[in-house]
1. Which net charge results for the neighbourhood of residue 135, defined as the other residues with beta-carbon distances under 9 angstrom from its beta-carbon, given Lys and Arg at +1 and Asp and Glu at -1?
2. Rank the residues 377, 197 as a footprinting-exposure proxy: fewest other Cβ atoms within 10 Å of their Cβ go first.
3. Across region 117-193, how large is the tail of the calculated P(r) beyond 14 Å, expressed as a percent of all Cα pairs?
4. If R0 is 35 Å, what FRET efficiency do you get for residue 73 and residue 252 from their C-beta distance, rounded to 0.05?
5. Beyond a 20 Å Cα-Cα separation, which of these cross-linked pairs lie in this structure: 15/73; 162/319; 128/193?
6. From the square roots a ≥ b ≥ c of the eigenvalues of the alpha-carbon gyration tensor of region 221-281, which class results: rounded (a/c under 1.5), prolate (a/b over b/c), or oblate?
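Read the figures in this text as sums done on the coordinates, not as results from a lab. Quick caveat: nothing in here was measured; it's all calculated off a predicted structure. Cβ coordinates were reconstructed from backbone atoms using ideal geometry, including for glycine residues, and neighbour counts include every protein chain displayed.
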Amino acid sequence: MKIAVEGCAHGELEKIYDTLVHIEKEQGVKVDLLICCGDFQSTRNLDDLNCMAVPPKYRDICTFYKYYSGEKKAPVLTIFIGGNHEASNYLQELAYGGWVAPNIYYLGYAGVVTVAGVRIAGLSGIFKAPDYHRGHHEIAPFTESTVRSVYHIRNLEVFRLKQLSGHIDICLSHDWPQGIYHHGNAEQLIRFKPFFREEIERNTLGNSTCEELLNFLQPSYWFSAHLHCKFSAVVQHDGEKCTKFLALDKCLPKRRFLQIVTVGEEVRADTELKLSHDLEWVTILMLTNHLLSVKPVANYMPGPGGAERYTFTPTEEEKSVVFEKLGKNLEIPENFVPTVPPYNPNIDDQSFSQPSAQLNPQTTLFCDTLGIDDPLRLLMIIRKQPLNIGTAINLQNEESICTEDAEDEEEVTESGDPEDENETFVSFTNITDTLLETSTENLSVTPPVKRFRGRNQTLYSPPEES
Ligand SMILES: [Mn+2]
């Protein structure tokens, strides 16, 4: 499968897709999947933009809304993780992953999916020690503080990822695994980014939980973004396995933001790729539901020495229970519906407020199917907010979405060949060939859902009630 890997998207979806379509035409290859490593900026409208942690002058609606409204369609199946510049209110609706637009899938706080037999795991957010052990307590409208902490990585997701067994082909994180620069050309990196020197020398650059996960999961590939430069490395693990690391730049002209990598089997040109749940992962989500916290206090994961279960690598029996619950069908349903009015460029409008949180029908269905908790729903219960479930809105009634189409196409023609400048920085080879010098290989157990559900509700009920 040909996978296009993108660093930080920063809302430039239209440019990224144009570049891909251009590559396909020029080089006669078909890209099967696009992976974005965060800072995706899936802002549907101006309200969403106010939930993004950037100074107001940098708030730019960019082009995601066109894919949300249906004005444009993603030409290739796209999956992404969250970074530190996101429509956090929207991503929170999809804690366990979901479609943010047709053909564009968010992996959730953490997630594992398979595409054409390739197993892909992702961890959203960036690491900040003070928030690592807290629950997912943030909810829109965010404060100055929660608008940032909302995208900080939590121990729950890292714990869940560490329950995975079997081989992982690709892992994604927004910030780099700590120490990864010692496995590649660090001197060249420092020449390009001199202000990294001190942190590289002290081995403090990057995310220690990702380093831990990289060594634990030993995936074939690890892709990251965030530091806005291209860098590759190979981590040789004990034994045969190694991980090829690649970080890419953000989407800007003349920057190396995109690379095509060949992973797994070739996909026939007429195959429409489908995204599937990873059964082991979904089972882990269910088995660890009771570990979810939405409180702003420390929430420690179980370990040896305590009385409770602390390994949740599922048994075959546990997996088959989940398989039944999913109707013996792992395919992720294509059940996206727009639930808020998309940005309308023809209306000269401004918004200075954040929206209130809304539940997403995709998450509601997923949680109901498995009998697990939606963290956002728990928060609404605590805050005594109405359980506001987003419903499909009819975009036919929205003015000007359709009329925009024609204008847009003209614009592309007028501006001539927008890809010209892209040519130099899109590298196009398998990273194995170009970047790497070292050659490498490549029962009766009923899930305790009901009980935990009840337990969660009590845990999370407001203090005055308990
Ligand atoms: Mn970033």
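1. Once positives and negatives cancel, what remains is +3.
2. 197, 377
3. In whole percent, the share of Cα-Cα pairs in region 117-193 beyond 14 Å is 71.
4. Taking R0 as 35 Å, the efficiency between residue 73 and residue 252 is 0.90.
5. As for pairs spanning more than 20 Å Cα to Cα, those are 128/193.
6. Oblate, since a/c reaches 1.5 and b/c is not below a/b.
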